[in-house]
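The values are calculated or read from the model by the stated rules, or taken from the named source; none is laboratory data. Note that the structure is a prediction, hence the values are computed from the model and not measured. Here Cβ is always computed from backbone atoms with ideal geometry, including for glycine, and neighbour counts include all displayed protein chains. Accessible surface areas use protein heavy atoms only, side chains included; no ligands, DNA or RNA. Shrake-Rupley method; radii C 1.70, N 1.55, O 1.52, S 1.80 Å.
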Amino acid sequence: MSGPFPLYDNAALRQAEARAASRLGDDFVLMQRAGLAAWHCALAHWPQAQRIAVACGPGNNGGDGYVLARHACEAGRQVRVLRLPGHAPRGEIAIRAERAYRDAGGRVEEFGGSIGDADLVVDALFGIGLTRAPDAEAATLVAAINNAAAPVLALDVPSGVDADTGNAPGTAVHATRTLQFLGAHAGLATGAALEHVGARELAALDVGDDVLPADAAVAEMFDARDLGRFLQPRSRNSHKGESGRVLCVGGDHGKGGAVLLCAEAALRSGAGLVDVATRAMHVAALLSRRPEAMAHAIDAAADLDKLAEAANVIAIGPGLGQDAWGNELFSAMIDSGKPLVIDADALNLLAANPRKLQADTVLTPHPGEAARLLSIATREVQADRRAAALALCERFGCVVVLKGAGTVVTAPGCLPGIIDAGNPGMAVGGMGDVLTGIIAALRAQGLDAFDAARCGALLHGAAGDVAARAGGERGLLPSDLFTPLQRLANP
Ligand SMILES: NC(=O)C1=CN([C@@H]2O[C@H](COP(=O)(O)OP(=O)(O)OC[C@H]3O[C@@H](n4cnc5c(N)ncnc54)[C@H](O)[C@@H]3O)[C@@H](O)[C@H]2O)[C@H](O)CC1
Ligand SMILES: [K+]
């Protein structure tokens with residue numbers, strides 16, 4: 001998939017399905033195309049699979065499964081369709097699909113507790129019709145699919161995952177690969193779904209681009225190949241004044257590491273000059289030998305005035321703490337009129353005194369900070385990350401980067417961006433400080449707040465992926481991102 005890739009919700013896909021079916025004159029044709037595309041996908045990735053088990057649900061997702069099973073039968077594979085009692089096809093076209101499978105000599109077995117021997121398992125239990133956590137019986141079939149020794153091809157959605165939100169309210173299939181139909185699901189790009197979806201693929205079903213218009217998208221997904229959309233090569237006669245000046249405010253006593261990471265990341269992302277306002281004294285010693293970055297001992301907000309005036313962008317929060325010192329600096333900076341990137345402790349201070357912010361402010365909460373900013377539980381944020389990011393954008397009137405698996409970036413009146421980069425190795429302290437520095441540096445170089453946030457999150461995730469490929473996810477350190485970051489920031 002080359003991005004930015006449009007992502008859709010169930011409502012848009014249902015409408016597209018109806019348009020396609022009326023254009024084709026028969027909605028069975030659409031199911032046949034889906035099932036055939038699924039069979040071609042199985043052949044492409046598992047050509048040697050002889051024993052194929054297809055778990056079929058009662059709806060049209062199951063119908064897709066019967067179509068695949070028929071093609072597999074006709075291709076001479078040993079096919080078994082497994083289904084739960086009471087899960088005989090309910091809709092007219094799924095019934096036709098089952099009949100065609102049986103007419104081709106296919107067998108349907110009632111699920112007896114295990115998948116049995118299979119070289120490939122096809123998950124055709126639930127698609128976008130899932131309305132709740134799979135009930136007890138369905139959960140046993142999902143568990144059996146997950147315990148099977150064979151790879152799993154999920155049709156449209158890994159069963160048990162909500163395709164709109166990415167939430168897995170109960171047990172859900174862990175797919176090796178998921179073949180989506182018509183349009184890519186917004187819910188499969190973020191949150192818990194990333195544990196279940198495996199490799200994502202899309203079968204467009206040849207119904208014409210107008211069936212699913214771009215403006216029906218609810219989000220768009222970016223990956224590392226999209227960096228060039230945001231980053232232009234540096235002009236030959238540029239000088240440090242044009243590369244922007246970033247002020248990093250943070251580093252209370254003993255918390256200098258966070259603001260140092262933020263400053264280094266800003267430099268590696270192209271900022272021309274970085275000032276660090278801190279009272280962690282070792283920071284001054286560390287920066288004293290670097291003309292491109294200067295440390296300033298700050299006791300009170302008044303000490304910041306000149307630095308804030310000289311800065312193009314202010315990043316505030318890394319190691320700031322929530323004591324009187326941090327509070328005083330935060331209150332001063334939030335009314336500075338300068339473009340702000342607000343992270344970490346500064347987000348917690350904001351949560352204590354919520355207010356609308358300048359539209360070009362960028363907030364960079366992780367799910368826990370987002371929960372505090374919305375006064376909800378973290379699990380509610382994670383249950384629908386796109387909705388949470390939109391709610392934060394609405395509440396604070398500015399750009400929001402909701403970090404986590406499948407970072408979501410929202411801006412007032414804009415289509416949310418979802419970042420297809422990053423890895424679990426980045427869930428360590430300090431990674432957020434690096435992201436803050438990257439976004440601040442991109443703002444300082446002239447990107448607008450939304451572009452700086454999307455490009456910054458993309459650079460951050462992509463640098464983390466390069467570092468993880470080199471040294472592994474476990475043990476990944478924020479400083480490991482700096483070299484790949486510099487390379488990726490120069491497309
Ligand atoms: N989008 C397209 O172009 C195409 C979509 N197709 C496939 O159709 C499914 C959606 O089918 P639908 O019949 O609406 O629902 P499902 O098959 O996903 O769900 C089946 C059925 O299951 C029941 N159910 C829901 N939740 C639960 C639960 N937790 N436990 C038990 N039972 C549950 C409910 O009655 C549902 O109706 C889409 O994903 C595609 O795979 C077309 O076939 C091809 C083109
Ligand atoms: K499925």
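When you look at residue 187, is it within 14 Å of ligand 2 (Cβ to nearest atom) and either over 21 Å from residue 141 (Cα atoms) or more than 20 Å from the chain's Cα centre (by Cα) (or both), yes or no?
Judged against the criteria, residue 187 is a match.
In region 327-337, what count of residues is obtained for those that are part of a loop (DSSP other than H, G, I, E, B) and touching a residue at least 40 places away in the same chain (Cβ under 8 Å)? Explain how you work it out, then say what you get.
Pass one, region 327-337, residues part of a loop (DSSP other than H, G, I, E, B): 335-337.
With the extra rule that they be touching a residue at least 40 places away in the same chain (Cβ under 8 Å), the set shrinks to none.
Here the count works out to 0.
Quick one: residue 338 ticks every box in (1) more than 26 Å from the chain's Cα centre (by Cα); (2) open to solvent by 50 Å² or more (accessible area, probe 1.4 Å); (3) of a type in the set (D, E, K, R) except a single one, so which number is it?
(2)
Identify all residues within region 29-50 that are among the small types (Gly, Ala, Ser), open to solvent by less than 60 Å² (accessible area, probe 1.4 Å) and away from ligand 2 (no atom under 16 Å from the Cβ); write none if there are none.
49
Within region 55-148, considering only strands (runs of 3 or more DSSP E) that don't extend past its boundaries, which have at least 2 residues that are basic (Lys, Arg)?
On the way: elements: 78-83, 108-110, 120-124.
Fully inside region 55-148 and qualifying: 78-83.
Okay, residues lined up against (1) surrounded by 22 or more Cβ atoms within 10 Å (Cβ to Cβ); (2) more than 8 Å from ligand 1 (Cβ to nearest atom); (3) at positive phi; (4) among the polar types (S, T, N, Q):
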{"position": "130", "(1), (2), (3), (4)": "yes, no, no, no"}
{"position": "133", "(1), (2), (3), (4)": "no, no, no, no"}
{"position": "147", "(1), (2), (3), (4)": "no, yes, no, yes"}
{"position": "153", "(1), (2), (3), (4)": "yes, yes, no, no"}
{"position": "157", "(1), (2), (3), (4)": "yes, no, no, no"}
{"position": "166", "(1), (2), (3), (4)": "yes, yes, yes, no"}
{"position": "170", "(1), (2), (3), (4)": "no, no, no, no"}
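Can you run down the residue pairs with Cβ atoms below 6 Å, 6 or more apart or on separate chains, where the first is in region 53-78 and farther than 21 Å from residue 29 by Cβ and the partner is charged (D, E, K, R) and away from ligand 1 (no atom under 12 Å from the Cβ)?
Between residues of region 53-78 that are farther than 21 Å from residue 29 by Cβ and residues that are charged (D, E, K, R) and away from ligand 1 (no atom under 12 Å from the Cβ), the close pairs are 53/80; 78/51.
Please count how many residues of region 263-304 are aliphatic (A, V, I, L, M), assigned to a strand (DSSP E or B) and open to solvent by less than 10 Å² (accessible area, probe 1.4 Å).
Number satisfying all stated conditions: 4.
Take residue 465 and tell me if it is over 19 Å from the mean Cα position of the chain (by Cα) and among the charged types (D, E, K, R).
Considered against the rule, which asks whether it is over 19 Å from the mean Cα position of the chain (by Cα) and among the charged types (D, E, K, R), residue 465 comes out as no.
Just to be sure, is residue 53 within 16 Å of ligand 2 (Cβ to nearest atom) and at pLDDT 95 or above? Don't jump to the end; show me each part of the working.
Details: within 16 Å of ligand 2 (Cβ to nearest atom): yes; at pLDDT 95 or above: yes.
Yes, satisfied.
Could you tell me whether region 359-373 includes any residue that is farther than 26 Å from residue 255 by Cα, touching a residue at least 12 places away in the same chain (Cβ under 8 Å) and within 14 Å of the chain's Cα centre (by Cα)? Explain how you work it out, then say what you get.
Of all residues in region 359-373, those farther than 26 Å from residue 255 by Cα come to 359-360.
From the residues that got through so far, the ones that are touching a residue at least 12 places away in the same chain (Cβ under 8 Å) too are 359-360.
Within this subset, residues satisfying the condition of being within 14 Å of the chain's Cα centre (by Cα) are none.
Checking region 359-373: not a single residue is farther than 26 Å from residue 255 by Cα, touching a residue at least 12 places away in the same chain (Cβ under 8 Å) and within 14 Å of the chain's Cα centre (by Cα).
Determine if region 196-212 includes at least one residue that is without any contact (Cβ under 8 Å) to a residue 12 or more places away in the chain and farther than 30 Å from residue 42 by Cβ.
Checked region 196-212: no residue is without any contact (Cβ under 8 Å) to a residue 12 or more places away in the chain and farther than 30 Å from residue 42 by Cβ.
Could you pull out the residue among 63, 86, 91 that is within 15 Å of ligand 1 (Cβ to nearest atom) and surrounded by 23 or more Cβ atoms within 10 Å (Cβ to Cβ)?
63
Within region 186-199, which residues are open to solvent by less than 30 Å² (accessible area, probe 1.4 Å) and touching a Ser or Thr at 6+ places or on another chain (Cβ under 9 Å)? If you could, list the steps in order and put the result at the bottom.
Filtering region 186-199 for residues open to solvent by less than 30 Å² (accessible area, probe 1.4 Å) gives 186-191, 193, 196-197.
Answer for region 186-199, where residues must be open to solvent by less than 30 Å² (accessible area, probe 1.4 Å) and touching a Ser or Thr at 6+ places or on another chain (Cβ under 9 Å): 186, 187, 188, 190, 191, 193, 196, 197.
Starting from region 411-426, keep only residues that are over 17 Å from residue 397 (Cα atoms) and touching a residue at least 24 places away in the same chain (Cβ under 8 Å), then list their pairs with residues that are open to solvent by less than 30 Å² (accessible area, probe 1.4 Å) and assigned to a strand (DSSP E or B) whose Cβ atoms are within a distance under 6 Å, requiring at least 6 positions of separation or different chains.
Going by the 6 Å Cβ cut-off, the qualifying pairs are 418/219; 418/221; 418/408; 419/222; 420/221.
Within region 95-127, count every residue that is within 13 Å of ligand 2 (Cβ to nearest atom), out of contact with any strand residue (DSSP E or B) (no Cβ under 6 Å at 6 or more places or on another chain) and open to solvent by less than 30 Å² (accessible area, probe 1.4 Å).
Number satisfying all stated conditions: 1.
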